[in-house]
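A.B. asks: Would you mind keeping the following structure in view while I ask a few things?
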Amino acid sequence: MSCDLVIFDCDGVLVDSEVISCRVHAETLTRHGYPITTEQVAERFLGRSGREARREIEAELGRAFDDALEAQLVADVLRSFAESLEPIPHINEALGALAQPVCVASSGTLERIAFALTRTGLHARFAPHLFSAEQVESGKPAPDLFLHAARQMGVAPARCVVIEDSVPGILGATAAGMTVLGFVGGSHCGPGMAARLTAAGAATVFADMRQLPELIR
């Protein structure tokens, strides 16, 4: 494939964070009057921005959450990241073998992206090219974030390859006119994930980051 830029999602692609994040969100939301399981959080909100998840939950409840909830979620997630977050296996090896420029396009906030990448020793590989859904009007599955990243990096969408682990991410990247590869090597990925990513439009699906350089070549 023709590629001048590789765009990485963060959670579940660079860092093995989705199980941690979904668990913390389930616990915090449940404490604040919205009972939900870790599995339900993953099913409904994986790959989407916290802003959009909050809007959906508030619409169901018919009331707004107190702003303290957002602050509590951020604090709880970052504390859990500090305790146990790890990079995706072999991601450093894969990044070292890529000839193309790289950047991050994540549904997380810039604070969370920077914290996760710093914790796992990956920040220097990407900074300052970190792009968040909070910088665009609509997050994944809209194409806005990917198009924003491509514009900032000065690369045409058709020359970008995106690495994603969620259906909203796959849909957003394909809507942006980019080639997208589905990654299913995170600890949150079950046996049906590969089929779901393929059905959403992934050009191919892989589970070991050591495969990535050859896939792009």
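A.B. asks: Please work out which one of (1) out of contact with any Ser or Thr (no Cβ under 7 Å at 6 or more places or on another chain); (2) crowded, with 16+ Cβ neighbours inside 10 Å; (3) not polar (S, T, N, Q) is the condition I20 fails and give its number.
C.D. replies: Going through (1) out of contact with any Ser or Thr (no Cβ under 7 Å at 6 or more places or on another chain); (2) crowded, with 16+ Cβ neighbours inside 10 Å; (3) not polar (S, T, N, Q) one by one, I20 breaks only (1).
A.B. asks: For residues that are crowded, with 19+ Cβ neighbours inside 10 Å and assigned to a helix (DSSP H, G or I), tally how many sit in region 171-194.
C.D. replies: So the count comes out to 5.
A.B. asks: Within the set of pairs 6 or more residues apart or between chains, which connect a residue that is farther than 13 Å from F8 by Cα inside region 136-151 to a residue that is among the aromatic types (F, W, Y) and part of a helix (DSSP H, G or I) with Cβ atoms less than 6 Å apart?
C.D. replies: none
A.B. asks: Now a separate question. Can you pull out the residues in region 17-37 that are over 20 Å from I170 (Cα atoms), within 17 Å of the chain's Cα centre (by Cα) and among the β-branched types (V, I, T)?
C.D. replies: I20, V24
A.B. asks: Does L29 satisfy being in a helix (DSSP H, G or I), at negative phi and modelled with pLDDT under 90?
C.D. replies: yes
A.B. asks: Do any helices (runs of 4 or more DSSP H) lying entirely in region 73-161 carry at least 3 residues that are closer than 26 Å to A200 by Cβ, and which ones are they?
C.D. replies: Filter on region 73-161 gives 91-97, 110-119, 144-153.
A.B. asks: Taking the stated definitions as given, is R48 outside any helix (DSSP H, G or I), under 25 Å from F115 (Cα atoms) and not assigned by TED's automatic domain parsing to the domain that holds E111?
C.D. replies: Criteria met by R48.
A.B. asks: Can you name every residue in region 185-217 that is touching a Leu at 6+ places or on another chain (Cβ under 7 Å) and without any contact (Cβ under 8 Å) to a residue 60 or more places away in the chain?
C.D. replies: Within region 185-217, A200, G201, A202, T204, V205, F206, L215 meet the criteria.
A.B. asks: Sticking with this structure for a sec: State whether the residues of region 83-90 include one that is over 29 Å from Q152 (Cβ atoms) and at pLDDT below 85.
C.D. replies: Checked region 83-90: no residue is over 29 Å from Q152 (Cβ atoms) and at pLDDT below 85.
A.B. asks: Need the failing condition index for E60 against (1) over 17 Å from G169 (Cβ atoms); (2) surrounded by 16 or more Cβ atoms within 10 Å (Cβ to Cβ), just the number.
C.D. replies: The number of the failed condition is (2).
A.B. asks: Considering P213, P128, P168, which residue is buried (at least 16 other Cβ atoms within 10 Å of the Cβ), within 24 Å of V77 (Cβ to Cβ) and out of contact with any Cys (no Cβ under 8 Å at 6 or more places or on another chain)?
C.D. replies: Answer to the selection: P168.
A.B. asks: Do you know which of the residues in region 106-125 that are modelled with pLDDT of 95 or more and charged (D, E, K, R) is surrounded by the fewest Cβ atoms within 10 Å (Cβ to Cβ)?
C.D. replies: Restricting to residues being modelled with pLDDT of 95 or more and charged (D, E, K, R), the top hit is R125.
A.B. asks: Restricting to region 171-191, give me the number of residues that are over 16 Å from the mean Cα position of the chain (by Cα) and under 16 Å from G12 (Cα atoms).
C.D. replies: 2
The values are calculated or read from the model by the stated rules, or taken from the named source; none is laboratory data. As the structure is a prediction and not an experimental result, all values here were calculated from the model. Cβ coordinates were reconstructed from backbone atoms using ideal geometry, including for glycine residues, and neighbour counts include every protein chain displayed.
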